[in-house]
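The values are calculated or read from the model by the stated rules, or taken from the named source; none is laboratory data. The model shown is predicted, which means the values in this text are computed figures rather than measured ones. Cβ sites come from the backbone with ideal geometry, for glycine too, and all protein chains shown count toward neighbours. Surface areas here come from the heavy atoms of the whole protein model, side chains and all, with no ligands, DNA or RNA. Shrake-Rupley method; radii C 1.70, N 1.55, O 1.52, S 1.80 Å.
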Amino acid sequence: PGAEEQSSESKDLLEKALNRVDSTYLHPEVIDPVSMTRDGIQAMEHAASDLLVLEQSDSRLLVRSGVRERTVNIDGVDSLDSAERTIREVADFIARDRVDELSAEDLHVQALKGMLRTIDRHSRLIVGGSLDEFNTRFKGTLVGIGARIGRRQGKLRVIEPFKEAPAGKAGLLPGDAITHI
């Protein structure tokens with residue numbers, strides 16, 4: 001399917017994940033859009049056996065999908081927005097004219113997995129059955145204050161306290177600064 005046929009869910013997954021990285025990641029200085037784009041495109045290879053991504057240089061990748069190929073220049077990627085656009089273009093190129101069930105959304109999932117690995121060893125995308133397995137496996141074993149936190153105005157702040165968790169029960173509110181633990 002082409003870009004116009006992509007489901008809004010597909011667009012939302014890629015957009016939401018990168019927006020989350022942009023708005024809540026605690027160490028924005030380690031985010032490198034070029035590396036994220038390169039690793040994201042390379043990770044798309046895992047979606048189908050006929051996909052191949054070759055590095056032609058630090059800033060150029062050759063993407064082969066069956067008998068079709070396209071050179072992708074990632075030198076101009078300077079933000080997460082331009083990384084997202086480049087990932088979408090490559091996914092659309094690969095998904096177009098395929099006879100199998102491979103969709104742009106499948107490619108976005110693979111790309112996000114590769115992109116998140118460049119940030120740190122803990123950032124991962126968990127979707128579908130993997131999310132159910134993760135929730136089942138770790139239910140009741142995670143320890144924390146019970147809030148989504150992020151860096152705002154140079155301070156670690158509560159983004160969303162979870163009502164039934166310690167943070168919510170203690171009265172923490174969105175915007176509260178965490179000054180010590």
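General observations
- Nonlocal amide H pairs with residue 152, under 5 Å, H built at 1.01 Å: 157
- For segment 58-84, backbone nitrogen atoms closer than 17 Å to the point 7 Å from residue 29 Cα along Cα-to-C-beta are found at no residue.
- In degrees, nearest ten, helix 80-95 long axis to first principal axis of the chain (Cα): 40
- Rounded to 10°, Cα long-axis angle of helix 8-24 versus longest principal axis of the chain: 50
- Probe 1.4 Å, accessible area per residue of the chain, Å²: 61
- Applying 1/(1 + (r/R0)^6) with r as the Cβ-Cβ distance of residue 60 and residue 173 and R0 = 41 angstrom yields a FRET efficiency of 0.25.
- Grouping the Cα pair distances of the chain into 5 Å bins from zero gives a pair-distance distribution of 1, 8, 14, 17, 17, 14, 10, 7, 6, 4, 1, 0, 0 percent in increasing distance order.
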